[in-house]
Amino acid sequence: MKEHSIALSTPADADEVFDLLLNPSRFSCADIESVEPSEEGDRYALRFRGGLARWTQRTEADRAARVLRFEQVSGDFVDFGGSWEVTPDGAGSRVVHRVSFRTSVPHLAGAVDPMIARVLLRAAAGVVDGLAGPAVIVEGTLHDEIAVPSQQDPPVEKAHDRTASPGPTLAAAYAAPSPGAPLEPATITRRPLRPTDVAIAIHYCGICHSDVHQVHGDWGGGTFPMVPGHEITGIVTAIGADVTRHAVGDRVGVGVIIGSCRDCAECEEGLEQYCSHSVEVYAAVDPHDGEPTRGGYSTHIVADEHFVLRIPDALPLDQAAPLLCAGITTYSPLKHWAAGPGKKVAVLGLGGLGHLAVKIANAMGAEVTVLSRSSRKEADGLNLGADHFHATDDPATFERLAGTFDLIVCTVACRLDVDTYLSLLANGGTMVYLGITEEPLDVSVFSLLRSRTSLAGSRIGGMDETQEMLDFCAEHGIRAEIEVIDAAQVNEAFDRVRHGDVRYRFVIDAKTI
Ligand SMILES: [Zn+2]
Ligand SMILES: [Zn+2]
C-alpha cells in the first residue's frame, strides 16, 4: 500500500501535543463528522466524496517515542492504518502523520486514492491545528485549493449538517464512450456545491427506454461519453449554504430535468418541463458552467434543490426510482385529462410506462382497459388493476370498443394506425402520446372532427406535480414492478429493453457501480 504523509510544525510542546492526540474525542475539524470511543476502538466518520466514510480503529501508544500507531478493525476500507509521531522542534514540536489504505474499488484507485489521501491528510492537519495550532505544513502538500484550516476561521456550521464541498468530487459511473457503444465503467466529476445544491449518494437508477435511444444516438444532441439515467433515488449527503428543502440523510429522487429558467410563464405555473430553457439530467449542457450533464448510472449526483424530490417513507428507494420518469409521465396526463370515477381510460401498451399508467388510473378511480398487442400479458394487466384487457391483434377489438374511451394514453414507441385508435374515443375524447416515435404520424382530419376528438402529447410533469405523484403513489401503495440488476448487466438489460423483455422496469443497484 502506498503511504501518504504530511509533516506539520506547531508552537506547542511535544509531550503536550502527544497527550492531546491520545484523546480523539476532542478531534474536530471540517472533515470530521464524529469520533466516538467504543469497546472495539474509536469510531470515525469522515466526510468525503459528498458522503461519509466510517471505520473503527485501534490505537497503540508508545509514550517514550511519542508514537501512536493505528489500524482499522472494521469499516469502509479494505485496509487502513498509519501513525502519528511527535518530536520536539525548537520551542515547539514537529508532528508527522502517515496513513495508507486500500479501497474496494481497485479499478478506480488511480483516480480516487489521491482524493481520499488528500482528505485524510487535511483532516489530520485540521486536528493538529485545532488542538495545538496554528499548524504549518513543513513537508508534503494538500491540494492547492485547500488551505489548512486555522483557528481564526469561522466555526463549521455543524448544527445544520451543512458540509462545504471544497472542489469537484469524483463519482464512479457507467458511460457510453460513443453513440451505440456498450456502456463501460468510468470516473466522472460532480461539481462543487452551489448555495442551493444538494449532493446525493445514489442508491438506485431505473433504465428508461429513452436511455437506450439516447445512448444509441437516435435523437442526436447528446455529448459522449454519455452517462444516462433519469430515474434516480438516493440519500442526501451534503447541502449548500442556502438549501431549505432538504437535509442530510433525507430520502430523495431526481428525474428527467434538473434546471429551468425559473422565470417564464411555464416556470411560474409549475410547468418547468415545458420551459424552453429546461435542462435535462443527462445529454444536455449545464448553462451555469457549460459542462455536459451526466445522469444517474453513477454513485453520486449534485442537483439544485428545486429539482430534487422527497421520496415518502412508504416507498422503497428501488421501486420508487421508475416513478421519477415513468410514474410522472403517466400521472400528469391522467390528471390533466381528469381520469377518475365515471371515466373510461385505455392504456395502450403494457410496459414500463403502461404498467404504472394502469396502477395510477385505477387508483384515481377510472375504469381501466389495457390494449396490448396480444393476450400474452392479460393476467398481468388484470393483476395490475385493469378492469378489462383486449388484444389489438384481434380485429374484433376495434369493432367492439368503437366510441368507448374518454382517454387513451399511448405508451408504445412504434408507428400506429392512429385513425383506428381515434375511432375508439368517445365524443370529445383525447388520445395522448407519451412514447416518442421518430417518424411523423399519419392522421386523417376526419377522424378528429367526427367526434370532436383530440390528439395530444404530454411530457413528464412539473416539480410540484412530481412531488404530488410521489405522495399519491405512497398513499395508494403504488410501486413500480422492477427487476434489480448489477451495473455490469446494463448492456444485457439494454438489449432486453429493446426487445420488450422486462417486467416492467430494470433498476440498477448503484452499490454495484
Ligand atoms: Zn424516461
Ligand atoms: Zn422557464
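Scanning segment 362-381 for residues that are in contact with a strand residue (DSSP E or B) (Cβ under 9 Å, 6 or more places away or on another chain) and of a type in the set (A, V, I, L, M) returns Met364, Ala366, Val368, Val370, Leu371, Ala379.
Here is a yes/no grid of residues against (1) modelled with pLDDT of 95 or more; (2) of a type in the set (A, V, I, L, M, F, W, C); (3) crowded, with 16+ Cβ neighbours inside 10 Å:
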residue	(1), (2), (3)
Arg450	no, no, no
Gly461	yes, no, yes
Ala480	yes, yes, yes
Ala493	yes, yes, yes
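Filtered by the rule that a residue be surrounded by fewer than 22 Cβ atoms within 10 Å (Cβ to Cβ) and over 17 Å from His300 (Cα atoms), segment 168-195 gives Pro177, Ser178, Pro179, Gly180, Ala181, Pro182, Pro195. Considering only residues that are open to solvent by 20 Å² or more (accessible area, probe 1.4 Å) and either in a strand (DSSP E or B) or of a type in the set (A, V, I, L, M, F, W, C) (or both), look in segment 463-478 and name the one that is nearest to ligand 1 (Cβ to nearest atom). Ranking the qualifying residues of segment 463-478, first place goes to Phe472.
Looking at segment 275-291 only, could you name the residues that are part of a loop (DSSP other than H, G, I, E, B) and either closer than 25 Å to His213 by Cα or hydrophobic (A, V, I, L, M, F, W, C) (or both)? Walk me through it before giving the result.
First pass over segment 275-291, keeping only residues part of a loop (DSSP other than H, G, I, E, B): 275-278, 281-284, 286-291.
Within segment 275-291, Cys275, Ser276, His277, Ser278, Val281, Tyr282, Ala283, Ala284, Asp286, Pro287, Gly290, Glu291 meet the criteria.
Going residue by residue through segment 396-418, is there one that turns out to be touching a Lys or Arg at 6+ places or on another chain (Cβ under 7 Å), open to solvent by 10 Å² or more (accessible area, probe 1.4 Å), at pLDDT 95 or above and hydrophobic (A, V, I, L, M, F, W, C)? Looking for residues that are touching a Lys or Arg at 6+ places or on another chain (Cβ under 7 Å), open to solvent by 10 Å² or more (accessible area, probe 1.4 Å), at pLDDT 95 or above and hydrophobic (A, V, I, L, M, F, W, C), one finds none in segment 396-418, hence no. Residue pairs whose Cβ atoms lie under 9 Å apart, separated by 6 or more positions or on different chains, with the first residue in segment 325-346 and among the polar types (S, T, N, Q) and the second away from ligand 2 (no atom under 16 Å from the Cβ) and in a strand (DSSP E or B), are Thr330/Val347; Thr330/Val409.
Can you tell me which residues in segment 243-258 are part of a loop (DSSP other than H, G, I, E, B), open to solvent by less than 40 Å² (accessible area, probe 1.4 Å) and more than 16 Å from ligand 2 (Cβ to nearest atom)? Matches in segment 243-258: Val243, His246, Gly255. Just a yes or no: is a residue in segment 262-274 assigned to a loop (DSSP other than H, G, I, E, B) and aromatic (Phe, Trp, Tyr)? Looking through segment 262-274, none of the residues is assigned to a loop (DSSP other than H, G, I, E, B) and aromatic (Phe, Trp, Tyr). Filtering segment 196-220 to residues that are within 16 Å of ligand 1 (Cβ to nearest atom) and open to solvent by 20 Å² or more (accessible area, probe 1.4 Å) leaves Tyr204, His209, Ser210, His213, Gln214, His216, Asp218, Trp219.
Where residues in segment 64-77 are crowded, with 16+ Cβ neighbours inside 10 Å and of a type in the set (A, V, I, L, M, F, W, C), which of them is nearest to Val119 (Cα to Cα)? Among residues in segment 64-77 that are crowded, with 16+ Cβ neighbours inside 10 Å and of a type in the set (A, V, I, L, M, F, W, C), the one nearest to Val119 (Cα to Cα) is Phe77. Reported count of residues in segment 78-109, each being touching a helix residue (DSSP H, G or I) at 6+ places or on another chain (Cβ under 6 Å) and either open to solvent by less than 10 Å² (accessible area, probe 1.4 Å) or over 21 Å from Ala64 (Cβ atoms) (or both), is 4.
For every residue, the table says whether it meets (1) under 21 Å from Val368 (Cβ atoms); (2) among the charged types (D, E, K, R); (3) at pLDDT below 95.
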| site | (1), (2), (3) |
| --- | --- |
| Glu266 | no, yes, no |
| Gly296 | no, no, no |
| Arg310 | no, yes, no |
| Asp313 | no, yes, no |
| Leu353 | yes, no, no |
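Restricting segment 32-50 to residues that are among the charged types (D, E, K, R) and over 18 Å from Gly82 (Cα atoms), which is most open to solvent (accessible area, probe 1.4 Å)? Checking each candidate, the answer is Glu39. Pairing residues of segment 23-43 that are on the phi < 0 side of the Ramachandran plot with residues that are in a loop (DSSP other than H, G, I, E, B), at Cβ distances under 6 Å and at least 6 apart in sequence or on separate chains, gives Cys29/Pro149; Ala30/Pro149; Ala30/Val156; Val35/Phe27. Checked against the criterion of being among the β-branched types (Val, Ile, Thr), in a helix (DSSP H, G or I) and within 16 Å of ligand 1 (Cβ to nearest atom), segment 440-462 has no qualifying residue.
May I ask you to say which residue of Asp286, Asp313 is in the same structural domain as Tyr504 (by TED's automatic domain parsing), within 16 Å of ligand 2 (Cβ to nearest atom) and in contact (Cβ under 8 Å) with a residue 40 or more places away in the chain?
Working: Asp313 fails: within 16 Å of ligand 2 (Cβ to nearest atom).
Result: Asp286 is the single residue among Asp286, Asp313 that is in the same structural domain as Tyr504 (by TED's automatic domain parsing), within 16 Å of ligand 2 (Cβ to nearest atom) and in contact (Cβ under 8 Å) with a residue 40 or more places away in the chain.
Scanning segment 281-302 for residues that are touching an Asp or Glu at 6+ places or on another chain (Cβ under 9 Å) and within 16 Å of ligand 1 (Cβ to nearest atom) gives Tyr282, Thr293, Gly295, Gly296, Tyr297.
Could you tell me whether any residue of segment 234-242 is open to solvent by less than 50 Å² (accessible area, probe 1.4 Å), in a loop (DSSP other than H, G, I, E, B) and either within 16 Å of ligand 2 (Cβ to nearest atom) or of a type in the set (D, E, K, R) (or both)? Step through it out loud before you land on a result.
To start, the set of residues in segment 234-242 that are open to solvent by less than 50 Å² (accessible area, probe 1.4 Å) comprises 234-240.
Imposing the further condition that a residue be in a loop (DSSP other than H, G, I, E, B) reduces the set to 240.
Now restrict to residues that are either within 16 Å of ligand 2 (Cβ to nearest atom) or of a type in the set (D, E, K, R) (or both): none.
No, segment 234-242 contains no residue that is open to solvent by less than 50 Å² (accessible area, probe 1.4 Å), in a loop (DSSP other than H, G, I, E, B) and either within 16 Å of ligand 2 (Cβ to nearest atom) or of a type in the set (D, E, K, R) (or both).
Scanning segment 427-448 for residues that are out of contact with any Pro (no Cβ under 9 Å at 6 or more places or on another chain), surrounded by 17 or more Cβ atoms within 10 Å (Cβ to Cβ) and in contact (Cβ under 8 Å) with a residue 60 or more places away in the chain returns a single hit, Gly435.
Which ones in segment 245-280 are closer than 24 Å to Asp313 by Cα and within 16 Å of ligand 1 (Cβ to nearest atom)?
Result: Gly253, Val254, Gly255, Val256, Ile257, Ile258.
In segment 140-152, is there at least one residue being at pLDDT 80 or above and open to solvent by 70 Å² or more (accessible area, probe 1.4 Å)? Taking every residue of segment 140-152 in turn, none turns out to be at pLDDT 80 or above and open to solvent by 70 Å² or more (accessible area, probe 1.4 Å).
Say whether the condition of being of a type in the set (D, E, K, R), out of contact with any helix residue (DSSP H, G or I) (no Cβ under 9 Å at 6 or more places or on another chain) and without any contact (Cβ under 8 Å) to a residue 40 or more places away in the chain is met by at least one residue in segment 418-426.
Our first condition is that a residue be of a type in the set (D, E, K, R); within segment 418-426, this holds for 419.
From what's left, out of contact with any helix residue (DSSP H, G or I) (no Cβ under 9 Å at 6 or more places or on another chain): none.
No, that holds for no residue.
The values are calculated or read from the model by the stated rules, or taken from the named source; none is laboratory data. Model, not experiment: these values are computed from the prediction. Cβ: placed from backbone, ideal geometry, glycine included. Neighbour counts: every protein chain shown. The protein model used for the area step is the full one, side chains on, heavy atoms only, and it has no ligands, DNA or RNA in it. Shrake-Rupley method; radii C 1.70, N 1.55, O 1.52, S 1.80 Å.
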